Amino acid sequence: MIDVIASRNLVQTICKKEIIINSIDREQLTRAYADGLLRLNQIIRLLFTLEKKGLILLQREQGKDTVNVCLNEALLKNQFFNKELFKLELANLKVFNSSIQRITQLTLENLLIRMFDNHGIKRWASSL
């Protein structure tokens, strides 16, 4: 998701209704998926570090392979969410959220299907 939200081109590609996309878009989506898998261990370490510092709360859902991440808003300062610093990402996120209906109710698998599979990108198994 980091690569997707940071790139206006990737957001626009994912928001396209047509399944058939050009080779450049296909390559960018494939790279974003692969890079996301490569960063997975770094993200997990970051989450554990943020939890240890008390900035987030991690809750594992019983019987599922998912973890809920909650911000500890009491400890976060307003400067932490500098909207000017993340202006591009926030704009891309707004477009992304408006194009995928009921995004907050999707499982990770269904989100990946909408982002990659629906555009002809073949995914490979990951250890999420």
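Coordinate-derived values only; no laboratory data. The shown structure was predicted, so the numbers you read here are calculated from the model rather than taken from an experiment. Cβ sites come from the backbone with ideal geometry, for glycine too, and all protein chains shown count toward neighbours.
Brief remarks on what is shown
- Counted by neighbouring Cβ atoms within 10 Å, the residues Ser98, Ser23, Ser7 run from fewest to most as Ser23, Ser98, Ser7.
- For segment 14-67, trypsin sites (Lys or Arg not before Pro) meeting the loop criterion (DSSP other than H, G, I, E, B) and having at most 14 other Cβ atoms within 10 Å: Lys16, Lys17, Lys53, Lys64.
- Ratio of Rg to Rh for segment 1-75: 1.10 [Cα atoms; Kirkwood radius as inverse mean 1/r over pairs].
- Counting only lysines at least 8 places from Lys16 when in the same chain, those with an alpha carbon closer than 30 Å to its own are Lys83, Lys87, Lys94, Lys122.
- Kirkwood Rh in Å, taken over all unlike Cα pairs in the chain: 16.4 Å
- Set of aspartates and glutamates near Lys17 by C-alpha distance (under 14 Å), chain-local residues within fewer than 8 positions excluded: Asp25, Asp117
- Other residues whose C-beta falls under 13 angstrom from the C-beta of Ile103 contribute a net charge of +3, scoring Lys and Arg +1 and Asp and Glu -1.
- Annotation for Thr107 and Phe48: the two label points, set 7 Å from Cα along the Cα-Cβ direction, are 2.6 nm apart.
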